[in-house]
Amino acid sequence: MAEFSLKGVNRVRDPENLTDMEKKHLPVIHLPEQVKAGEPFSVSVAVGELLKHPNELSHFINWIALYDAEYTFLGMVTLPPVVAQPRVSFTLTLEEPTTLRAYAFCNLHGLWEGQKQVEFR
Ligand SMILES: [Fe+2]
C-alpha cells in the first residue's frame, strides 16, 4: 500500500504505530484545558511536531484549514515556504461539543487530516 495518495484525504492508519510519513504530515490539534459553551477559545494546529516536515520552496505545507464534525468551515491559513512555520491558531466560539477536523496540504504529499474532540468543561 502506498505511503500517501494525491487523491482524497490521507489519515493515520494505526494511531499506535505512526509511519514517518504520517508523523511529518499529521495536523495535530491543540486545545486549552478548559473550553466552555459560548466562550471564545484558541485552537492551534501544528504540522511536523512529531517529525519535522521540510519547509523549502520545493516541499512545504501550503495551507492549513479547520472544520467541525459536520464539515462547517471554521478557517484557513495559507502558508508560504521557508519563513512561515506550519503552526497556526484560530479563535472559536462553540455552542455544542464537536470533533474538530484539521486539514493540511503538502505540495508533494497531498491532503492530510487530523481530528480532536472538543468537550466542554
Ligand atoms: Fe510533505
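The values are calculated or read from the model by the stated rules, or taken from the named source; none is laboratory data. Remember, it's a predicted structure, so these values are computed and weren't measured experimentally. Quick reminder, even Gly has a Cβ in these numbers, built from the backbone with ideal geometry, and neighbours come from all protein chains shown. Note: areas computed on protein heavy atoms with side chains; ligands, DNA, RNA excluded. Shrake-Rupley method; radii C 1.70, N 1.55, O 1.52, S 1.80 Å.
Starting from region 1-22, take each residue that is within 11 Å of GLY110 (Cβ to Cβ) and in a loop (DSSP other than H, G, I, E, B) and list its partners that are of a type in the set (A, V, I, L, M) and at pLDDT 95 or above, counting only C-beta distances under 7 angstrom and pairs at least six apart or across chains.
GLU3/MET21; PHE4/MET21
Of everything in region 1-30, what is open to solvent by less than 50 Å² (accessible area, probe 1.4 Å) and either under 23 Å from VAL118 (Cβ atoms) or not hydrophobic (A, V, I, L, M, F, W, C) (or both)? Give them in sequence order.
Across region 1-30, the qualifying residues are SER5, ASN10, VAL12, LEU18, GLU22, HIS25, LEU26, PRO27, VAL28, ILE29.
Pick from ALA46, ALA37, ALA69: which is outside any loop (DSSP other than H, G, I, E, B), among the aliphatic types (A, V, I, L, M) and modelled with pLDDT of 95 or more?
Only one candidate qualifies: ALA46.
Those residues that are open to solvent by 60 Å² or more (accessible area, probe 1.4 Å) and more than 22 Å from GLU119 (Cα to Cα), I need them from region 64-85; list them, please.
MET76, THR78, PRO80, VAL82, VAL83, GLN85
Restricting region 99-113 to residues that are crowded, with 19+ Cβ neighbours inside 10 Å and aliphatic (A, V, I, L, M), which is nearest to the ligand (Cβ to nearest atom)?
Checked region 99-113; the qualifying residue nearest to the ligand (Cβ to nearest atom) is ALA104.
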